[in-house]
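Visitor: One structure is given below, represented as structure tokens, and several questions about it will come after.
Any read-out appearing in this document is the output of simple, stated calculations on the displayed coordinates, not a laboratory observation. A quick note: this is a predicted structure, and the numbers were derived from the prediction, not measured.
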Amino acid sequence: MSLMRQMLEAGVHFGHQTRYWNPKMGQYIFGQRNKIHIINLEKTVVKYLEALNFVRQTAARGGDILFVGTKRSARDIIAAEAERAGVPYVNNRWLGGMMTNFKTVKSSVKRLKDMEAAQTDGSVERLTKKEALMFSRELEKLNKSIGGIKNMNKLPAALFVVDVGYHKIAIQEARTLGIPVIAVVDTNHSPDGVDFVIPGNDDSAKAIELYASGIANAILEGREQRLNGLVEEIQEEVVEEAVAEEASAAE
């Protein structure tokens, strides 16, 4: 099935009500039907493929893409696809300073990991009933807020965002740090601050699944390219060393 057909079936072309439109998205709008803006999928396909290419190249260079999607229709998809690609994600609430104040966030991540270790080694069993309850509540809270980034040891190479309206702070932090942003932008939002705009429906779970799975696949493809490249480099080094040894032995 062609990408255009997949997008049609997922409802990617359905924008928001015409009265809520953002004129900055005008170039991506095909027309309107029943007071709903229709997005030009020919343009979406091109922009989406550009984004996938960038993601593939970023992953091939060893960079991580941070998935961000906290609205109800996106949460589970964002977590599942990010985990499949082995990258960090935020699917609950973006905590202000999550990237610009990364040192503080890392200390919270350390606390989360220490608590998980305590759970594994049986330390929790020595707590009183009240202490165990407080421990359980704190662990749940930490997992909810930063569980998706607990293995993010450095700032991401790029952000993938679903619904820019929900995540203005995340995009602003990325801009401050010079981190590229890939984002799904619907007809009611501004594409300002987004490096790779994917014009499309940001409410439909099917559409979100299409974007997120495509980005995840591109990451996995990029990682494979990187791995193959490293294997080739190692093989070349082994051959060069063998040739050098032969040459010195001949002398």
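Visitor: State, to one decimal in nm², a quarter of the convex hull surface area for the C-alpha atoms of the range 102-152, i.e. the direction-averaged projected area. Kindly include the intermediate steps, with their values, before the conclusion.
Guide: Working: hull surface 14.0 nm².
Average projection, Cα convex hull of the range 102-152: 3.5 nm².
Visitor: Averaging over every viewing direction, what projected area does the convex hull of the Cα atoms of the range 29-115 cover, in nm²?
Guide: Working: hull surface 34.2 nm².
Computed as one quarter of the Cα hull surface, the answer is 8.6 nm².
Visitor: Pairs Lys71/Lys129; Lys144/Lys168; Lys47/Lys106; Lys106/Lys129: which exceed 26 Å Cα-Cα?
Guide: The answer is Lys71/Lys129; Lys47/Lys106; Lys106/Lys129.
Visitor: With the Cα gyration tensor of the range 140-227 in hand, convert its eigenvalues to equivalent ellipsoid semi-axes via √(5λ) and list them largest first in whole Å.
Guide: Values: eigenvalues 86, 64, 48 Å².
Largest first, the range 140-227 gives 21, 18, 16 Å.
Visitor: Using the Kirkwood formula over every pair of different C-alpha atoms, what hydrodynamic radius in Å results for the range 55-162?
Guide: 15.0 Å
Visitor: Using alpha carbon coordinates only, what is the Rg to Rh ratio of the chain, with Rh defined as the Kirkwood radius?
Guide: Result: Rg/Rh = 1.10.
Visitor: Further question on the same structure: Given a 10 angstrom Cα cut-off, can you work out which residue in Ala85, Ala118, Ala74 is the most mobile in a GNM of the chain?
Guide: Ala118
Visitor: Let me ask something additional. What number results when the radius of gyration of the range 1-80, computed over Cα atoms, is divided by 2.2 N^0.38 Å?
Guide: Compared with the compact-globule rule of thumb, the range 1-80 sits at 1.30.
Visitor: Among bridges DSSP assigns within the chain, what percent are antiparallel (round to 5)?
Guide: Rounded to the nearest five, the antiparallel share is 30 percent.
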